[in-house]
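*Asks:* Here you go, one structure.
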Amino acid sequence: MAEALLRTHGNGRFLVASAGTEATRVNPFAVDVMRELGVDISGARSKHLDEFIEQEFDYVITVCDSAAESCPMFPGRSERIHWSFPDPSAATGSDDERRDVFRSVRDDIASRIQTWISEERPGR
């Protein structure tokens with residue numbers, strides 16, 4: 001969700017890639033709540049951070065605590081930023097309750113991204 005939100009709110013100012021400490025699948029609840037914003041991530045794929053280990057990034061943003069702890073150092077002079085959000089895939093309850101957790105995390109990430117971008121990041 002964070003990748004798609006930064007692409008959307010960044011309006012082409014950023015080259016965005018995302019990966020996790022574990023490649024699984026794109027969660028259907030994430031697809032649902034992003035679709036509510038008119039953002040289609042149904043064709044996205046989950047990627048492991050090893051796919052990007054040799055690349056240089058201006059910013060490396062982690063969005064969950066476990067990722068912050070296990071995220072490797074990337075070459076170059078990346079600015080590391082950590083935003084602590086709950087992992088929505090760990091949510092329990094009914095489908096509606098789980099979807100609400102994804103929606104809440106989506107909205108919190110979107111807000112943080114909008115604030116971060118408004119700090120006049122140069123983007124690339």
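The values are calculated or read from the model by the stated rules, or taken from the named source; none is laboratory data. A quick note: this is a predicted structure, and the numbers were derived from the prediction, not measured. Glycine also receives a Cβ, built like all others from the backbone with ideal geometry; neighbour counts cover every protein chain displayed.
*Asks:* Take region 18-35 and flag every residue that is surrounded by 13 or more Cβ atoms within 10 Å (Cβ to Cβ) and touching a Ser or Thr at 6+ places or on another chain (Cβ under 7 Å).
*Replies:* GLY20, THR21, ALA23, VAL26, ASN27, VAL31
*Asks:* Quick check on region 25-32. Is at least one of its residues among the aliphatic types (A, V, I, L, M), in contact (Cβ under 8 Å) with a residue 40 or more places away in the chain and in contact with a helix residue (DSSP H, G or I) (Cβ under 7 Å, 6 or more places away or on another chain)?
*Replies:* Yes, that holds for at least one residue.
*Asks:* Condition first: touching a helix residue (DSSP H, G or I) at 6+ places or on another chain (Cβ under 6 Å), over 17 Å from THR62 (Cα atoms) and outside any helix (DSSP H, G or I). Now tell me which residues in region 79-106 satisfy that.
*Replies:* Result: ALA91, single match.
*Asks:* In region 1-32, how many are within 15 Å of PHE102 (Cα to Cα), within 14 Å of the chain's Cα centre (by Cα) and not in a loop (DSSP other than H, G, I, E, B)?
*Replies:* The total comes to 6.
*Asks:* Between a first residue in region 106-119 that is touching a residue at least 40 places away in the same chain (Cβ under 8 Å) and a second residue that is surrounded by 12 or more Cβ atoms within 10 Å (Cβ to Cβ) and among the small types (Gly, Ala, Ser), which pairs have beta carbons less than 7 Å apart while being 6 or more apart in sequence or on different chains?
*Replies:* Taking only residues 6 or more apart or on different chains, the pairs are ILE109/ALA2; ILE117/GLY10.
*Asks:* Search region 105-124 for residues being more than 14 Å from the chain's Cα centre (by Cα) and not hydrophobic (A, V, I, L, M, F, W, C), and hand back the single one that is modelled with the lowest pLDDT.
*Replies:* ARG124
*Asks:* Identify, from the list ARG45, ARG13, the residue that is out of contact with any helix residue (DSSP H, G or I) (no Cβ under 9 Å at 6 or more places or on another chain) and of a type in the set (Lys, Arg).
*Replies:* Answer to the selection: ARG45.
*Asks:* Determine which single condition GLY38 fails, assuming it passes every other condition in (1) over 23 Å from SER118 (Cβ atoms); (2) surrounded by fewer than 15 Cβ atoms within 10 Å (Cβ to Cβ).
*Replies:* Result: GLY38 fails condition (1) only.
*Asks:* Residues in region 4-17: is at least one without any contact (Cβ under 8 Å) to a residue 60 or more places away in the chain, under 20 Å from ILE53 (Cα atoms), surrounded by 15 or more Cβ atoms within 10 Å (Cβ to Cβ) and not aromatic (Phe, Trp, Tyr)?
*Replies:* Yes, because at least one residue in region 4-17 is without any contact (Cβ under 8 Å) to a residue 60 or more places away in the chain, under 20 Å from ILE53 (Cα atoms), surrounded by 15 or more Cβ atoms within 10 Å (Cβ to Cβ) and not aromatic (Phe, Trp, Tyr).
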